[in-house]
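Just below is one structure, and these are the notes that go with it.
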Amino acid sequence: MKIGIVSDTHNNLKNVQRIVELFNAAGVERVIHTGDITQAKTIDVFAELAMPMYGVYGNNDEERDSLVAAVERHGFIFQDPPFVLEWSSRSLMVVHDPLEFEGHLNDSYDLALHGHTHMYRYEQRARQVIFNPGECAGHMKGFNAIGVMDLADLSAQLLKF
């Protein structure tokens, strides 16, 4: 199974529209947002995804009531971190800030996803991968990225735009 990973969209609607196009073209089966959506209108743009979206809320998701309403309206599944998922015989943990792994992350998780830092991270530890696709809300073309992760072998591809 291939999944899309996006973080820290920070209400950049133009970039979110491009992210939706990239994930739809990549044919991922599910998308995970690692937080800092910021406003409900961003979720409304993500509604154009051809696949379901899951995610966690970040420290800049202060308009919680409207975000929760938009998530529910579009049938997405979000919660406060840590969010634990079991897909394709893989155990995933999703947080926003990597400090939220503290006390939760252990070697029983195959894949650990985070955002917050706006910096790319692909770290392999024994049989576990920690991943953050990095910046995607910037205004400089070519410096934004989202990730596509293959759960079969935990390989990641960055889609830059």
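Run the count for the chain, please: Lys pairs, Cα-Cα under 19 angstrom, 8 or more apart or on different chains.
Taking the chain as the scope, the lysine pair count is 5.
Nearest 10 degrees, 0 to 90: what angle lies between the long axis of helix 64-73 and the longest principal axis of the chain (Cα atoms)?
For helix 64-73, the angle is close to 90 degrees.
Just to confirm the number: angle between the C-alpha axis of helix 13-26 and the first principal axis of the chain, 0 to 90 degrees, nearest 10?
50
Considering the zone a paramagnetic label at D107 would reach in this model (a point 7 Å from Cα along the Cα-to-Cβ line), which residues of segment 117-161 have amide N under 16 Å from it?
Once the point is set 7 Å along Cα→Cβ of D107, 124-130 turn out to lie under 16 Å by backbone N, inside segment 117-161.
Hey, fewest Cβ within 10 Å first, where do F83, F143, F101 land in order?
Ascending number of Cβ neighbours within 10 Å: F143, F101, F83.
So if I restrict to the alpha-carbon atoms in the chain, what is the Rg, and what is Dmax, the biggest pairwise distance, in Å?
When restricted to Cα atoms, the chain yields Rg and Dmax of 14.2, 40 Å.
If I model a spin label as a point 7 Å beyond the Cα along the Cα-Cβ vector, how far apart are those points for F143 and D80 in nm?
3.4
Would you work out the relative contact order for the chain, in percent, from Cα pairs under 8 angstrom that are 6 or more residues apart?
That works out to 23 percent.
Using unit Cβ charges (K, R positive; D, E negative) and no other charged atoms, how large, in debye to the nearest 20, is the dipole of the chain about its Cα centre?
560
Restricting to the chain, compute how many DSSP beta bridges are antiparallel as a %, nearest 5.
Bridges in the chain are about 55 percent antiparallel.
Along the Cα→Cβ direction, 7 angstrom out, place labels at A47 and T117. What is the inter-label distance in nm?
3.5
Laboratory data are not the source of any read-out in this text; all were calculated from the coordinates shown. Note that the structure is a prediction, hence the values are computed from the model and not measured. As a convention, Cβ positions derive from the backbone with ideal geometry for all residues, glycine included, and neighbour counts pool all protein chains shown.
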